[in-house]
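The values are calculated or read from the model by the stated rules, or taken from the named source; none is laboratory data. Predicted model, so just to flag it, every value in this text is computed and none were measured. Heads up, the Cβs are rebuilt from the backbone with ideal geometry, glycines too, and the neighbour counts pull from every protein chain shown.
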Amino acid sequence: MRKIILNLATTLDGFIEGANGELDWCILEEDMHFDKFLESVDTIFYGRVSYDLWGNYQSDAAASDMEKRFSSLIQSMKKIVFSSQSRADEKATFISTDVVAEVERIRNQPGKDIWLYGGAKLITTFIENGLVDEYMISVHPTVLGAGKPLFENAARFDLQLTDTKVFKSGVVQLIYAPKTR
């Protein structure tokens, strides 16, 4: 069975974006080996807002080779968008009903692991339904003081630390699995 991996960046004070949607604090360096993660997944789960903002992002000609590679890898993946709005989109499949059953159906198909990209509402839905197999949280050395929190309106749940990685930028990646009782 394919794993669903929540992989995202957060500030030290727990925000996934600033009060005005800013992401300029997010560091991405070669020693983080984000390309290895991208090569381990073949599907991305988005909420509609996140998909509309980032689902079709393509790096421009002035981007670094690393950014161009990441963009190319992301564009090659299957995109599933969970939304109350059903719409036709040649680059993504929209799912508007029975999220849990659809996720289980997709998870049981052959393929690589699945990246749960977000947004916050979708992440909360996945957490509440026990659909996240791994939490890969990269904590960045920035304090924003306000913004969109990672675990907005989440009920308590326990995790077990399985790995940590420290990067030269000061980013610390924490990898957790749901704690079994």
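Please find, among 69, 87, 105, 48, the residue that is among the charged types (D, E, K, R) and under 17 Å from residue 6 (Cα atoms). Answer to the check: 48. Within segment 130-141, the residues that satisfy the criterion of being surrounded by 15 or more Cβ atoms within 10 Å (Cβ to Cβ) and of a type outside the set (S, T, N, Q) are 131, 132, 133, 134, 135, 136, 137, 139, 140.
I'd like the residue in segment 50-81 that is of a type in the set (Asp, Glu) and either modelled with pLDDT of 80 or more or part of a helix (DSSP H, G or I) (or both) and, out of all such residues, is farthest from residue 21 (Cα to Cα). My answer is 65. Exactly one residue among 169, 84 is hydroxyl-bearing (Ser, Thr, Tyr), outside any helix (DSSP H, G or I) and under 24 Å from residue 73 (Cβ atoms), and that residue is 169. Residue 152 satisfies every condition listed in (1) touching a helix residue (DSSP H, G or I) at 6+ places or on another chain (Cβ under 8 Å); (2) outside any loop (DSSP other than H, G, I, E, B) except (2). Residue 106 meets each of the listed conditions (1) more than 25 Å from residue 173 (Cα to Cα); (2) part of a helix (DSSP H, G or I); (3) touching a helix residue (DSSP H, G or I) at 6+ places or on another chain (Cβ under 9 Å) apart from (3). Scanning segment 142-159 for residues that are surrounded by 13 or more Cβ atoms within 10 Å (Cβ to Cβ), touching a Ser or Thr at 6+ places or on another chain (Cβ under 8 Å) and in contact (Cβ under 8 Å) with a residue 40 or more places away in the chain yields 142, 144, 147, 150, 151. The condition of being surrounded by fewer than 17 Cβ atoms within 10 Å (Cβ to Cβ), in contact with a Lys or Arg (Cβ under 9 Å, 6 or more places away or on another chain), modelled with pLDDT under 90 and in a helix (DSSP H, G or I) holds for residue 31.
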